[in-house]
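> Shown below is the structure under consideration.
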Amino acid sequence: MSIRQAFLAEAAKRVLITDGAFGTEIQNWKLSEADYAGTLGLSHDQKGNNDILAITKPEVPETITREYLDAGSDIVSTNTFSANIISQADYGAEHLVRDINIESAKIARRLVDQYAARDGRPRFVAGAIGPTNKTLSLSPDVNDPGYREIDFDYLKQVYREQTDALLEGGVDFILIETVFDTLNAKAGIMAAIEAGEALGRDVPIMLSMTLTDLSGRNLSGHTVEAFWHAVRHAKPVTIGLNCSFGAEQLRPHVKTLSEICDTLIMIYPNAGLPNELGAYDEAPATTAGLVGEWAVAGQVNVLGGCCGSTPAHIKAMADKVRGLKPRVPGAPPVRTKLAGLEPFTMAA
């Protein structure tokens, strides 16, 4: 049985649980710059480079991953959101991208296999790929709208390097998450497809969009339906939303995706909106109650948390949805569906 088949089989049984935040959990460790830098002798200050901890202080991501598995996660993601040469250039650590991804994937793989062997319940590893701090759709120069810092082929190669390393480390899926620019996501999709072709096997893709305003658009201007039209050719094993706002604000957009997509829906919102100090105050029971409404309505297949969420939030979600039936993906009519910033469906 392939990974895709095994995952779909588990998702048909129950609402699955993914993990929560890494960034805000790492902040709780109060690490010093020396903790991040280790003995690598890098020229830049490493404080805040969460991804490099897989090399310099692996007990941190390992402990956090273990806590999410203890809380009930069926899926854990690698701590590799910024483990690409564009983002690592800020820390002078571009040459470590491959090592970071491989080591982070190995940590998650080892723990997932341990937990699955212990109780027989399959667990899965999602190789997390963030959007980078560049955008293909927008110019960073307001005086030159046509200017782009990078091009599609370059970003695809950046993602390919990361994808290859994650797969070498043992991930099950490639999770292209926090998509603020749909064109960036398409570069990631192409990288994952090419990586799978090079290996001669199916590499399931997970896609997760992030909304930048309450109207339901990402930074490149696409609605959730237009986003689906633009990426459905990739046959993602899940599609959904993460980060953005709290669960309360995502409700109408979750409903929209649930109605139009013929694949699994995965939603992992922030633990509410941040307070004036940038911290997240939403209690686990509150978050679980909100996302639980989607499960009761049959709108989701996988739930979890993003910024501010903790193992306690994940446990509360797991407890809330236990015994509930998962969403059954529909079979929308066959139509030609295109997308600009808005969706377009060609009449039959």
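> Given the conditions (1) assigned to a helix (DSSP H, G or I); (2) closer than 21 Å to N28 by Cα, which single one is not true for V76?
Single failed check for V76: (1).
> Go through V231, V254, V203 for me and flag whichever is in contact (Cβ under 8 Å) with a residue 12 or more places away in the chain, in a helix (DSSP H, G or I), among the β-branched types (V, I, T) and more than 16 Å from P343 (Cβ to Cβ).
V254
> Across the range 288-310, which residue is nearest to A12 (Cα to Cα) among those that are of a type outside the set (G, A, S) and open to solvent by 10 Å² or more (accessible area, probe 1.4 Å)?
Ranking the candidates gives Q299 first.
> Report the residue count in the range 96-120 for those that are of a type in the set (G, A, S) and either free of Cβ contacts under 8 Å to residues at least 12 places away in the same chain or open to solvent by 50 Å² or more (accessible area, probe 1.4 Å) (or both).
The qualifying residues number 3.
> Does D181 satisfy the criteria of being at pLDDT 95 or above, within 24 Å of T345 (Cβ to Cβ) and acidic (D, E)?
Spelling it out, D181 is indeed at pLDDT 95 or above, within 24 Å of T345 (Cβ to Cβ) and acidic (D, E).
> How many residues are of a type in the set (A, V, I, L, M, F, W, C), part of a helix (DSSP H, G or I) and over 20 Å from M206 (Cβ atoms) when one looks only at the range 111-162?
Here the count works out to 2.
> Something else now. In the list A93, A71, which residue meets the criterion of being touching a residue at least 12 places away in the same chain (Cβ under 8 Å), closer than 30 Å to G292 by Cβ and crowded, with 18+ Cβ neighbours inside 10 Å?
Within the list A93, A71, the selection yields A71.
> Tell me, which residue of the range 211-228 that is in a loop (DSSP other than H, G, I, E, B) and open to solvent by less than 10 Å² (accessible area, probe 1.4 Å) is farthest from P131 (Cα to Cα)?
Per the stated criteria, the residue is G216.
> State the number of residues belonging to the range 28-54 that are among the charged types (D, E, K, R) and either under 24 Å from K106 (Cβ atoms) or not in a loop (DSSP other than H, G, I, E, B) (or both).
Adding up the residues that qualify gives 3.
> Just to check your reading of the model, which residue among T24, T18, T80, T65 is under 30 Å from V300 (Cα atoms) and at pLDDT below 95?
Going through T24, T18, T80, T65 in turn, the sole match is T24.
> Would you mind telling me which numbered condition in (1) charged (D, E, K, R); (2) assigned to a loop (DSSP other than H, G, I, E, B); (3) modelled with pLDDT under 95 D262 fails?
Evaluating D262 over (1) charged (D, E, K, R); (2) assigned to a loop (DSSP other than H, G, I, E, B); (3) modelled with pLDDT under 95 leaves (3) as the failure.
> Moving on to the next point. Can you pull out the residues in the range 9-38 that are over 18 Å from Y268 (Cβ atoms) and surrounded by 18 or more Cβ atoms within 10 Å (Cβ to Cβ)?
Of everything in the range 9-38, those that are over 18 Å from Y268 (Cβ atoms) and surrounded by 18 or more Cβ atoms within 10 Å (Cβ to Cβ) turn out to be L31, Y36, A37.
The values are calculated or read from the model by the stated rules, or taken from the named source; none is laboratory data. Nothing here was measured: the structure is a model prediction, and the numbers come from that model. Cβ coordinates were reconstructed from backbone atoms using ideal geometry, including for glycine residues, and neighbour counts include every protein chain displayed. In case anyone asks, the SASA skips ligands and DNA or RNA and just uses the protein heavy atoms, side chains included. Shrake-Rupley method; radii C 1.70, N 1.55, O 1.52, S 1.80 Å.
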